[in-house]
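Colleague: Take a look at this one; I'll ask things after.
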Amino acid sequence: MTKVRFPPSPTGPMHIGTARTLLVNFLFARGQNGKIVFRSEDTDRQRSTPEFEKEILDGINWLGMDFDEGPFRQSERNEIYERHFEQLKKSGKIYPCFCTSAELTAEREEQKMKKLPPKYSGKCRELSAAEIQKFESEGRKPVWRFRVPDERIEFDDLVRGEISEEGKNIADFVIRKSDGQFLYHFTVVVDDADMVITHVIRGEDHISNTSKHILLFEALGAPIPRFAHLPLLLNKDRSKMSKRDESGKPATIERLKNDGYLPEAVVNFLALLGWNPGEGSEQEFFSMEELIREFDFRHVAKAGAVFDLERLNFFNAHYLRQLSAEKLAECVKPFLDFNIDDEAVLGKAVKLAAERMKFFGEAHDFLHYFFGEIEFETALFENPKMKVDRAKARFALEQSLPILEGVKNWNAEEIQKKLRELVENLGVKNGEILWPLRVALTGEQFSPGVWEMADALGKEKSLARIRKGLDKLKKED
Ligand code: GLU
């Protein structure tokens, strides 16, 4: 039975990279009908908080993922660690090291002078019982080190293939600090062994830890899971993506949620960071179900995956356009800081806005002019490119007004028909009529088309705005 883990450290908001790793775990596990364990790796007592843990759990839920076991917390599992620690102690696979930090620094300095790579020498490896007792009687508290055997460690990474490392190049690493705290390498392996994890799927930054982990699994007599190391997330300039993305905003799930991205779009985008459906498939849009069905490690790239905000916007715009007017209205409301005086207008306006909006955080820019009173300078009527000056603008509004007043079935198609007839009858260019109307209806330079806009506003509001625009022009003449 396939079993994977979600092992975030709750030391900060949920990073986009963490979300991507969890997603790959989720897709793989669900595709194999396997199980997922949530494990909060909160051994860093200073930086871990229940609030961050909750934020991560909320993020998992928001993205449409779930898990089967947990939450487990490493801070609550000390007994288990003690038990395994005793086991390793008995078997002699770990040993106490009494070296002071001054001694370790001196050792490193010497290695540096000899142009050797810095590595703990193993000085305390063979301390006798008497020597240990002497240190203890001096009140020294040891750290505990793992006795790295002189053997070759090999594993077959699901993404990167065969990887090997020589034990002699790995220093005897610390698994427990002198204050009794267990360290990451140890807790992560004890937990993976105890929870019978079959697949460890994580970021490439953990690849150099894997040999140590394999040695610990062996020492504990536990089966060794398969490993898959996912390519790092990079900024567009190919530097490692850290706390912020190219826009300078926090690279967190919370921020994407607050900016008004849809979880379906984020999932689709994250899944394609370093994975593709394989040759012969041009498919770009995937639902969670499709991803679960399609995902496999054969198509995970080894090269770093570039986090491109434009691409996320592209996905989001796609998913946003699929939503019903009701759903769109519900989604944009939290982002609008003005009074929505007409729900019917909102229903049509959001559909128009959705054609150009990339995420809901932009909703204000695309919707504010549908509501309340619009403010603009009459200079906006002047458009030399369209050969419109104030006189022509006035003429256009004066001509359009009675035509529009006469429209019985107020809808975009009908309005368009009537205005096109007017343009034809007057023998002018489209822009000469449509530009002044756009300005009068929206007070904006960029907006949806005139008939869609008028349709959304409704007859009464549209006519009132045109009359008002006309008054403004007359007053200034
Ligand atoms: N808590 C570790 C992290 O957040 C997990 C590492 C692992 O998957 O082994 O990086």
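The values are calculated or read from the model by the stated rules, or taken from the named source; none is laboratory data. Bear in mind that the values here come from a model prediction, so they are computed numbers and not experimental data. Glycine gets a Cβ as well: all are built from the backbone with ideal geometry, and neighbour counts include every protein chain shown. These accessible areas exclude ligands, DNA and RNA; they are computed on the full protein's heavy atoms, side chains included. Shrake-Rupley method; radii C 1.70, N 1.55, O 1.52, S 1.80 Å.
Colleague: Could you work out the local net charge near residue 135, counting Lys and Arg as +1, Asp and Glu as -1, over the other residues with Cβ closer than 15 Å to its Cβ?
Modeller: The answer is +1.
Colleague: Follow-up. Kindly identify the range 73-160 as rounded, prolate or oblate by the Cα gyration tensor criterion: order the square roots of the eigenvalues as a ≥ b ≥ c, call it rounded if a/c is under 1.5, otherwise compare a/b with b/c, prolate if a/b is larger, else oblate.
Modeller: oblate
Colleague: Could you work out the relative contact order of the range 305-376, using alpha carbon pairs under 8 angstrom and six or more residues apart, expressed as a whole percent?
Modeller: Here the relative contact order equals 39 percent.
Colleague: Could you rank the peptides 190-198, 406-414, 41-49 by their average count of other C-beta atoms within 10 Å per residue, with the highest value first?
Modeller: Listed from highest to lowest mean packing, they are 190-198, 41-49, 406-414.
Colleague: Please list, in order, the residues from the range 6-43 whose amide nitrogen is less than 16 Å from a point placed 7 Å along the Cα→Cβ vector of residue 297.
Modeller: Zone members listed by number: 6, 21-35.
Colleague: What value in Å³ per residue do you get for the convex hull of the alpha-carbon atoms in the range 1-133?
Modeller: 192
Colleague: To the nearest 10 degrees, how steeply does helix 184-194 sit against the main Cα axis of the chain, on a 0 to 90 scale?
Modeller: Computed tilt is about 90 degrees.
Colleague: Moving to a separate point now. Pairing rule first: another cysteine's C-beta must sit under 4.7 Å. Under that rule, which cysteines of the chain stay single?
Modeller: Taking the Cβ cut-off of 4.7 Å, the unpaired cysteines of the chain are 99, 331.
Colleague: Among 227, 167, 207, pick out the residue whose Cα is farthest towards the positive end of the charge dipole of the range 147-280, where Lys and Arg carry +1 and Asp and Glu carry -1 on C-beta, about the Cα centre.
Modeller: 207
Colleague: Sticking with this structure for a sec: Among DSSP beta bridges whose residues both lie in the chain, state the antiparallel percentage, nearest 5.
Modeller: Roughly 55 percent of the DSSP beta bridges within the chain come out antiparallel.
Colleague: Please list the non-local residues whose amide H lies under 5 Å from the amide H of residue 275, H modeled 1.01 Å from N, same-chain partners needing a gap of 5 or more.
Modeller: 301
Colleague: Something else now. Considering only protein heavy atoms, what is the solvent-accessible area of residue 164 at a probe of 1.4 Å, reported in Å² to the nearest 10?
Modeller: For residue 164, solvent-accessible area is about 60 Å².
Colleague: Still on this structure: If you bin every alpha carbon distance in the range 363-430 into 10 Å steps from zero, what whole percent lands in each bin?
Modeller: It works out to 16, 37, 42, 6, in whole percents.
Colleague: Let me ask something else about it. Local charge sum around residue 116 (other residues, Cβ-Cβ under 14 Å, Lys/Arg +1, Asp/Glu -1)?
Modeller: +3
Colleague: With each run of n ≥ 4 DSSP H residues scored as -39500 (n - 2.57), what mean residue ellipticity at 222 nm is computed for the chain after dividing by its residue count and rounding to the nearest 500 deg cm²/dmol?
Modeller: On the way: 19 runs with 216 residues, N = 477.
My calculation for the chain gives -14000 deg cm²/dmol from helical runs alone.
Colleague: Sticking with this structure for a sec: So how tilted is helix 459-476 from the main axis of the chain? Cα-based, degrees 0 to 90, rounded to 10.
Modeller: Around 70 degrees separate the two axes.
Colleague: Rank 319, 81 by accessible area, highest first, at a 1.4 Å probe radius?
Modeller: 319, 81
Colleague: Taking the solvent-accessible surface of protein heavy atoms with a 1.4 Å probe, what is the per residue accessible area of the chain in Å²?
Modeller: Accessible surface, normalised per residue, equals 50 Å².
Colleague: Could you go through the range 172-183 in sequence order and give the Karplus-derived ³J(HN,Hα) for each residue, using 6.51 cos²θ - 1.76 cosθ + 1.60 with θ = phi - 60°, rounded to whole Hz, and x for Gly and Pro?
Modeller: The phi angles translate into 5, 8, 7, 10, 9, 7, 5, 8, x, 6, 7, 9 Hz.
Colleague: Under the rule of at least 5 residues apart or a separate chain, name every residue whose amide H is placed under 5 Å from the amide H of residue 72.
Modeller: Correct list: 38, 39, 40.
Colleague: Sticking with this structure for a sec: What is the distance, in nm, between label points placed 7 Å from the Cα along the Cα-to-Cβ direction at residue 44 and at residue 169?
Modeller: Distance between the two pseudo-spin positions: 2.7 nm.
Colleague: Still on this structure, please answer the following. Using only the alpha carbon atoms of the chain, find the Kirkwood hydrodynamic radius as the inverse mean reciprocal pair distance, in angstroms to one decimal.
Modeller: Values: mean 1/r = 0.0366 Å⁻¹.
For the chain, the Kirkwood estimate is 27.3 Å.
Colleague: Using the Karplus curve 6.51 cos²θ - 1.76 cosθ + 1.60 with θ = phi - 60°, what ³J(HN,Hα) values do you get for each residue of the range 21-37, in whole Hz, with x for Gly and Pro?
Modeller: Coupling constants for the range 21-37: 4, 5, 4, 4, 4, 5, 4, 5, 4, 5, x, 9, 6, x, 10, 10, 10 Hz.
Colleague: While we're on this one: Taking every eigenvalue of the Cα gyration tensor of the range 325-477, multiplying by 5 and rooting it, what semi-axes result, largest first, whole Å? Before the final figure, lay out the partial values.
Modeller: On the way: eigenvalues 142, 56, 37 Å².
Listed largest to smallest, the semi-axes of the range 325-477 are 27, 17, 14 Å.
Colleague: Further, regarding this structure: Please report the carbon-and-sulfur percent of the accessible area for the range 84-170; probe 1.4 Å, protein heavy atoms only, DNA, RNA and ligands left out. Let's see the in-between values first.
Modeller: Numbers: 2930 of 5670 Å².
Carbon-and-sulfur percentage of accessible area, whole number: 52.
Colleague: Ok, one more. Just the Cα atoms of the range 131-183: what Rg and Dmax do they give in Å?
Modeller: My reading of the Cα-based Rg and Dmax gives 16.4, 50 Å.
Colleague: Can you give the net charge of the other residues whose Cβ lies under 14 Å from the Cβ of residue 279, counting K and R as +1 and D and E as -1? Please list the in-between numbers first.
Modeller: Working: positive: 298; negative: 282, 294, 296.
That sum, taken over residues with Cβ under 14 Å, equals -2.
Colleague: Normalised radius of gyration for the range 289-331, please: alpha carbon Rg relative to 2.2 N^0.38 Å, two decimal places.
Modeller: Taking the Cα Rg and dividing by 2.2 N^0.38 Å, one obtains 1.64.
Colleague: Explain nothing, just compute: Karplus ³J(HN,Hα) = 6.51 cos²θ - 1.76 cosθ + 1.60, θ = phi - 60°, for every residue of the range 351-356 in order, whole Hz, x for Gly and Pro.
Modeller: 5, 5, 4, 4, 5, 10
Colleague: Separate question: Quick one: pull the percent of accessible area on the range 193-345 belonging to carbon and sulfur, 1.4 Å probe, ligands and nucleic acids left out.
Modeller: Its accessible area is 48 percent carbon and sulfur atoms.
Colleague: From the protein chains alone at 1.4 Å, what is the descending order of accessible area for 238, 438, 298, largest first?
Modeller: I get 298, 238, 438, largest accessible area first.
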